[in-house]
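Nothing in this text is a laboratory measurement; each read-out follows from the coordinates by a stated rule. Note that the coordinates shown come from a computational prediction; the quantities given were computed from them, not determined experimentally. Here the Cβ is made from the backbone with ideal geometry for all residues, glycine too, and neighbour counts use every protein chain on show.
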Amino acid sequence: MIVVLLAHGPHDHAATSGGLPLGAFSLALIAVVGVAYVVAAMRRSREPRGWSPWRTASFVLGLAVLAAGVVPLSPFPAGSFPEHMYQHMVIGMYAPLGLVLGAPVTLLLRSTPRSFGRGVMRFLRLPPVRFVANPVTALVLDIGTLWLLYLTPLFTLMTSHVALHHLVHVHFFAAGYLFAYVIAGPDPAPRRPSVPARLVVLGVAIVGHAVLAQLIYAGLFADLPVPAGERRAGGDLMYFSGDIAELLLALAMVSTWRPERRASRALGDPPDTVAVVPARTRSDSGR
């Protein structure tokens, strides 16, 4: 999935993969991931437990939004700062939210042998994974690096080095997906904190995002060698569209809040990751 973020950059006309333009390869990869997810979801939907069509719709929508950021289908002039900010919002906030709510890990666990699932759960309990999948760590990687990008010469370096430009877009997606996953993801997570604790972290993220957008708009401390009009337009886009994305994330989080199940889900295991109960057992228990 990460390679899809490398499709757009200052010199895309030179970027290829196996003879294909990198943009076309990225879109093809998105399509392959989408087909694989839909096929697995259709198979799970025929089982007694089924599979939520809302999750399928969310994942497919997330892929479509990601494709719009990869192309990009932007209303702003190519190469402008507003276009860059548009890509940041689409790739780093909106697409990850749709993909996370599709619960791809849960679908993978239900589509593979239980031995594989146990291996995944052991991996999630590893100390390094638990550290990275902590909401505070995800906050630093997501919002903290945005401050680093726009308030230091890093943005200037990014615009003049293709490889760095690609890496920044990879980071946008990875950090955005991680943050959405630890805050509101239905997939299993190691020791996911309570909803009130995650609301606090999300609140800090909202404030950090809004303050940075205001600094960019005003040109205070921002190291951005772009025209003032483009800078203000980019700041406005970051401020308003960021608020919408974070509100959607908050709604996704509180909509899955089940306080009475908190103790039984200390490891963050959603109901779909529990082993499937055989049909005979279910019918017996319903007598």
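At a glance:
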{"item": "Highest-first arrangement of 171-177, 158-164, where packing means the average Cβ count within 10 Å", "result": "171-177, 158-164"}
{"item": "For the range 136-192 versus the range 26-73, the gap between their alpha-carbon centres in whole angstrom", "result": "23"}
{"item": "Length-normalised contact order of the range 35-95 in % [C-alpha pairs under 8 Å, at least 6 apart]", "result": "30"}
{"item": "Global form of the range 33-123, assessed from the alpha-carbon gyration tensor, a/c cut-off 1.5", "result": "prolate"}
